[in-house]
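The values are calculated or read from the model by the stated rules, or taken from the named source; none is laboratory data. Being a predicted model, the structure only gives us computed values, none of them experimental. Cβ placement follows ideal geometry from the backbone for every residue including glycine, while neighbour counts extend to all protein chains displayed. Accessible surface is based on the protein model in full, side chains and every heavy atom, while ligands, DNA and RNA are left aside. Shrake-Rupley method; radii C 1.70, N 1.55, O 1.52, S 1.80 Å.
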Amino acid sequence: ERLTIFDLGIVSTSSVDKKQRPGEKNVSLINYMDVYTSKSKKITSDIEFMQVTAPDKQIDSNQVIVGDVLFTPSSETKDDIGHSAVVYDNLPNTLYSYHLVRLRFNREIDLDFKRYLFNNPSTLAYFTKRAQWITRMTLSLDDFNETPVLLPPLNEQKQIAMRLSDIDKTIERVENSISFSQQIKQELINKII
């Protein structure tokens, strides 16, 4: 089915910054690097989130829930814009920062499939084309809302996500093997020299 992100749910920004103010409540903050550096494209409780404060209004509107997708709407280069990660765990009292954009879905989409739905060459190329240069490359909420999405039926989403996850695991095993081999090689070189 050919859709846009607008058809999938509500895209919103946050006004939560990285500060701690008296009289506000302590919260965990998901920031840009948590999304950008996520190899698994998952936001989980294993991440050590920044600790900040926020007023009740921000806590109500910027809390994340399982299934939310967080995007990087700005970057210093076109190639780094529009990366996303999916909230996988219940993260009470955890908000997303003003450096991110959240997509909250209004239709059922497989959780694992969401990791691949936007992190693909076609969508990332679209984001690159739409990005505007101000002081950084940026995407507006309209840019996100108008992003085309191909959404297969739910059972196909599950199959696609399962296959892609298997490929990711294979890649990770190969990368770990290469890293281990390089480490052994360096140790041998160090002993010889």
- Query: Label-point separation (nm) for Lys25 and Ser122, each offset 7 Å from Cα along Cα-to-Cβ?
  - Reply: 4.1 nm
- Counting only residues 5 or more apart in sequence or on a different chain, those whose built amide H sits under 5 Å from that of Gly82 are Thr72, Ser74
- Could you work out the helix-only [θ] at 222 nm for the chain, with each DSSP H run of four or more residues adding -39,500 (n - 2.57) and the total divided by the number of residues, to the nearest 500 deg cm²/dmol? -12000 deg cm²/dmol
- Item | Cα gyration tensor of segment 92-167 - equivalent ellipsoid semi-axes, whole Å, descending | 25, 17, 12
- What percent of all Cα-Cα pairs in segment 35-97 falls in each 5 Å bin, counting up from 0? 4, 17, 26, 24, 18, 9, 3, 0
- Once Thr44 and Ile134 are pulled to full extension, the length gained, defined as 0.36 nm per residue separation minus their Cα-Cα distance, is 29.2 nm
- Item | Hz values of 3J(HN,Hα) by residue in segment 171-181 - Karplus curve (6.51, -1.76, 1.60), Gly and Pro given as x | 4, 4, 4, 5, 4, 5, 5, 4, 4, 5, 5
- Query: If contacts are Cα pairs under 8 angstrom and at least 6 residues apart, what is the relative contact order of the chain in percent?
  - Reply: 27 percent
- Note on the structure: Scalar couplings 3J(HN,Hα) for segment 86-91 by Karplus 6.51 cos²θ - 1.76 cosθ + 1.60 (θ = phi - 60°), nearest whole Hz, x for Gly and Pro, are 9, 6, 9, 10, 5, 10
- Could you give the angle, 0 to 90 degrees to the nearest 10, between helix 121-130's Cα long axis and the longest principal axis of the Cα atoms of the chain? 50 degrees
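Roughly to the nearest percent, how much of the accessible area of the chain is carbon and sulfur, given a 1.4 Å probe?
The value for the chain is 54 percent carbon and sulfur by accessible area.
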- Could you tally up the Lys pairs in segment 1-121 with alpha carbons closer than 21 Å? Skip any pair fewer than 8 positions apart unless they're on separate chains. 8
- Item | Amide H contacts under 5 Å for Ile30, placed H, 5+ residues apart | Leu95, Tyr96, Ser97
- Query: Who wins for biggest fluctuation among Thr53, Thr77, Thr170 in a Gaussian network model of the chain, springs between alpha carbons below 10 Å?
  - Reply: Thr170
- Message: Per 0.36 nm of contour for each residue apart, how much would the distance between Gln51 and Met162 grow if the chain were fully extended, relative to their Cα-Cα spacing?
- Response: 36.5 nm
- Message: Taking the solvent-accessible surface of protein heavy atoms with a 1.4 Å probe, what is the per residue accessible area of the chain in Å²?
- Response: 59 Å²
- Just read off the accessible area of Thr128 with the full protein assembly in place, 1.4 Å probe, to the nearest 10 Å². 40 Å²
- Note on the structure: Residues whose modelled amide H sits under 5 Å from the amide H of Ile109, counting only those 5 or more places away in sequence or on another chain, are none
- Provide the per-residue ³J(HN,Hα) series for segment 52-66, in order, calculated from phi with Karplus coefficients 6.51, -1.76, 1.60 and θ = phi - 60°, each as a whole number of Hz, with x at glycine and proline positions. 9, 10, 7, x, 3, 4, 5, 4, 5, 8, 10, 5, 9, 10, 4
